[in-house]
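Values quoted throughout were computed directly from the atomic coordinates according to the rules given, and no laboratory measurement underlies them. Because the structure is predicted, anything quoted here is derived from the model rather than measured. Heads up, the Cβs are rebuilt from the backbone with ideal geometry, glycines too, and the neighbour counts pull from every protein chain shown.
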Amino acid sequence: MSHSESNCLCGAVKITVQQINPKFTVCHCQTCRTWGGAPFFAVKCGTKVSIEGNKKVKMYESSSWASRGFCTECGTHLFYKFKESGEYNMPVGLFPNLKGLEMDMQYFSDMRPSYYCFSNETKEMTTAEIMAYFASAM
Ligand SMILES: [Zn+2]
Ligand SMILES: [Zn+2]
């Protein structure tokens, strides 16, 4: 866990995160791939997040449980935020100096298209496993 700062491409939005888990996750779902053009590589940032330049942050509700935020000036993807818990997941690329980065989990592994694959050894969850997990957690 380490404290980190980042900003969007244009600098209008600055983000400070108190604790980041360097074991990042990859999401292959179609929503993530539509949003970013590729799988979403995310670090878990919890709720101790401060954002400067909020008026340049637009949030899009991409599902009933979470929203995605981006800079209205330069389009940089800033976060995926869970409504219920207020926890943030942020693109790993925002924090290039994080120590100990390691691909830990691939979500929606059954949605991964055939035109890429990673050689990293990771945990995986399929759509059915994720649905079952959330059904039991809620
Ligand atoms: Zn920006
Ligand atoms: Zn996704």
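Odds and ends about this structure:
Here's the yes/no breakdown for (1) away from ligand 1 (no atom under 16 Å from the Cβ); (2) touching a residue at least 24 places away in the same chain (Cβ under 8 Å); (3) over 19 Å from Ala12 (Cα atoms):
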| position | (1), (2), (3) |
| --- | --- |
| His77 | no, yes, no |
| Tyr80 | yes, yes, no |
| Glu87 | yes, yes, yes |
| Gly93 | no, yes, no |
| Glu102 | yes, yes, yes |
| Met105 | yes, yes, yes |
| Ser114 | yes, no, yes |
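- Members of the range 78-108 found to be surrounded by fewer than 19 Cβ atoms within 10 Å (Cβ to Cβ) and in a strand (DSSP E or B), listed by number: Phe82, Pro91, Glu102, Met103, Asp104, Met105
- Flag for Lys48 being charged (D, E, K, R), in contact (Cβ under 8 Å) with a residue 24 or more places away in the chain and within 16 Å of ligand 1 (Cβ to nearest atom): no
- Residues of the range 1-38 satisfying the condition of being within 15 Å of the chain's Cα centre (by Cα) and not in a strand (DSSP E or B): Cys8, His28, Cys29, Gln30, Thr31, Cys32, Arg33, Thr34, Trp35, Gly36, Gly37, Ala38
- Total residues in the range 18-57, condition away from ligand 2 (no atom under 16 Å from the Cβ) and touching a Leu at 6+ places or on another chain (Cβ under 9 Å): 5
- Boolean, Glu121 is more than 19 Å from Thr16 (Cα to Cα), without any contact (Cβ under 8 Å) to a residue 12 or more places away in the chain and not β-branched (Val, Ile, Thr): yes
- Subset of the range 47-71 [part of a strand (DSSP E or B), within 24 Å of Asn97 (Cα to Cα) and more than 11 Å from the chain's Cα centre (by Cα)]: Val49, Ser50, Ile51, Glu52, Val57, Phe70, Cys71
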